[in-house]
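Presented below is the structure to which this report refers.
The values are calculated or read from the model by the stated rules, or taken from the named source; none is laboratory data. Because the structure is a prediction, the values reported are computed rather than measured. Backbone-built Cβ (ideal geometry, glycine too); neighbour counts: all protein chains shown. Heavy atoms of the whole protein, side chains included, go into the accessibility calculation; ligands, DNA and RNA do not. Shrake-Rupley method; radii C 1.70, N 1.55, O 1.52, S 1.80 Å.
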Amino acid sequence: MTIDEQLLAWAPEFSAWRRDFHAHPELGYQERRTAALVAERLAAFGLEVTTGVGGTGVVGTLRAGSGNRAIALRADMDALPIEEAGDAPWRSTTPGTMHACGHDGHTTMLLAAARYLAATRRFSGTIHFIFQPAEEGGAGARAMLEDGLLERFPFDSVFGAHNDPLLPAGVVSASPGTVNAASDTLRIRLTGKGGHAARPHQAIDPIVAGAQIVVGLQSLVARRVAPLDSAVVSVCTFHAGSANNVIPEVATLSGTVRTLMPHVQDQMARDIPGLVAELAAAAGVAAEVGYERGYPPVVNDAAAAAAFAEAARGVVGAAQVRTTMPASMGGEDFAFYALERPGCFFRIGQADGERGSVPLHHPRYDFNDAIIPLGAALFAAIAARELPA
């Protein structure tokens, strides 16, 4: 592995930054402390800094040489509404909020890259470092674009990273084509007739109807989606009632729908409301269905993915770079950037024995600080390749 000695020398400082971000997590569009620290550090490195882009987003701009091309490097800053179960000294100090997806690490890696590139200037052109709010369902990427990101900070290509607890530390994946699923949101409200639990025949039970709908949605995927296509329907909340001897009037359900192909996303948007209506009618309850299209799939540009893979081989070696990884059913709003410019969203393995192997969005998840210099080196490598000095 080839990582500049300077990055390795700074590693303890990077780790301290990351652990501070972890201890002070902020939800989407509330990343005021995080954004302020990011802006302060970027300015200290000598970058031009713009704050308040798309809400709490920060953009740092670095120029070198006479090149007329520009690239964007992106990290996300927001945390999740999860109560942390870990016991590290840097565990969350904010009840009910934690960095359970590694955005604290992504932010730190990009800050580390900015510091290194500002110090070395081994490129010719312009780099925009995008620190984005609200990736976790808030579409912060879209908010930044709607706030004129492309017009104010024009770039020719864009690169973003995500840690991967399923890959060994030091392994990097950069596949062309679809790498993350489209992510839609489903909300259901069922209204029946409340009554005494001992006399169900005098009530219309929305809980039973809801249970049938949960099972029916799984059958929809199993029996209506082509076997070689991909779809995930997960009902993640089911709320009804407040007493153990009362059939409630109302039940509410919500969940997520993930698809890799536009025609399957269209099918789910069409078939799910119809199925819910049919099952609700059969149970005698009224149904209100909200189906919200969310993030599109992340589709890596073939040339951008190939360019990143080539740059990564110079850092970790050819054996550690994978270009045929299966797509993740996780959603990612990097998709909005990739719709506008050629992009590559790459994954960095972080599993090292037990360290870094806890799944994303788990209350005991923690970012593996050992990969921060690697992430910075990968960002720097693609910058050098895309903007040769």
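Tabulated results
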{"read-out": "Any chance A376 is part of a helix (DSSP H, G or I), more than 29 Å from R122 (Cα to Cα) and either in contact with a strand residue (DSSP E or B) (Cβ under 7 Å, 6 or more places away or on another chain) or open to solvent by less than 10 Å² (accessible area, probe 1.4 Å) (or both)", "value": "no"}
{"read-out": "D20 being over 27 Å from A305 (Cα atoms), of a type outside the set (F, W, Y), outside any loop (DSSP other than H, G, I, E, B) and open to solvent by less than 50 Å² (accessible area, probe 1.4 Å)", "value": "yes"}
{"read-out": "Checking P388 against (1) under 26 Å from T178 (Cβ atoms); (2) open to solvent by 50 Å² or more (accessible area, probe 1.4 Å); (3) touching a residue at least 24 places away in the same chain (Cβ under 8 Å); (4) not small (G, A, S), the condition it does not meet", "value": "(1)"}
{"read-out": "Counted residues, the range 1-36 - those being more than 19 Å from L374 (Cα to Cα) and more than 21 Å from the chain's Cα centre (by Cα)", "value": "1"}
{"read-out": "Cross-chain or 6+ apart pairs with Cβ under 6 Å, the range 19-41 first and within 14 Å of A75 (Cα to Cα), then among the acidic types (D, E) and in a helix (DSSP H, G or I)", "value": "F21/D104"}
{"read-out": "Residues (small (G, A, S) and touching a residue at least 60 places away in the same chain (Cβ under 8 Å)) located in the range 197-225", "value": "A209, G216"}
{"read-out": "Residue among G60, G55 that is assigned to a loop (DSSP other than H, G, I, E, B), more than 24 Å from E83 (Cα to Cα), at pLDDT 95 or above and out of contact with any Cys (no Cβ under 8 Å at 6 or more places or on another chain)", "value": "G55"}
{"read-out": "Odd one out for V214, checked against (1) assigned to a helix (DSSP H, G or I); (2) over 30 Å from A327 (Cβ atoms); (3) β-branched (V, I, T)", "value": "(2)"}
{"read-out": "Where a residue in the range 80-107 is farther than 14 Å from F21 by Cβ and its partner, wherever it lies, is open to solvent by 10 Å² or more (accessible area, probe 1.4 Å) and hydrophobic (A, V, I, L, M, F, W, C), with Cβ under 6 Å and at least six apart", "value": "none"}
{"read-out": "Cross-chain or 6+ apart pairs with Cβ under 8 Å, the range 341-359 first and over 10 Å from L166 (Cα atoms), then outside any strand (DSSP E or B) and aromatic (F, W, Y)", "value": "R341/F155; G343/F334; G343/Y337; C344/F308; F345/F334; F346/F308"}
{"read-out": "Residue check for I207: open to solvent by 50 Å² or more (accessible area, probe 1.4 Å), assigned to a helix (DSSP H, G or I), in contact with a strand residue (DSSP E or B) (Cβ under 8 Å, 6 or more places away or on another chain) and among the β-branched types (V, I, T)", "value": "yes"}
{"read-out": "Where V214 falls short, out of the listed (1) modelled with pLDDT of 95 or more; (2) open to solvent by 60 Å² or more (accessible area, probe 1.4 Å)", "value": "(2)"}
{"read-out": "Residue list for the range 217-227, filter: in a helix (DSSP H, G or I) and either in contact with a Gly (Cβ under 7 Å, 6 or more places away or on another chain) or surrounded by 12 or more Cβ atoms within 10 Å (Cβ to Cβ) (or both)", "value": "L217, Q218, L220, V221, R224"}
{"read-out": "Number of the exception - L27 against (1) open to solvent by 10 Å² or more (accessible area, probe 1.4 Å); (2) farther than 19 Å from A380 by Cβ; (3) hydrophobic (A, V, I, L, M, F, W, C); (4) not in a loop (DSSP other than H, G, I, E, B)", "value": "(4)"}
{"read-out": "Flag for L42 being closer than 18 Å to F155 by Cβ and either in a helix (DSSP H, G or I) or open to solvent by less than 40 Å² (accessible area, probe 1.4 Å) (or both)", "value": "yes"}
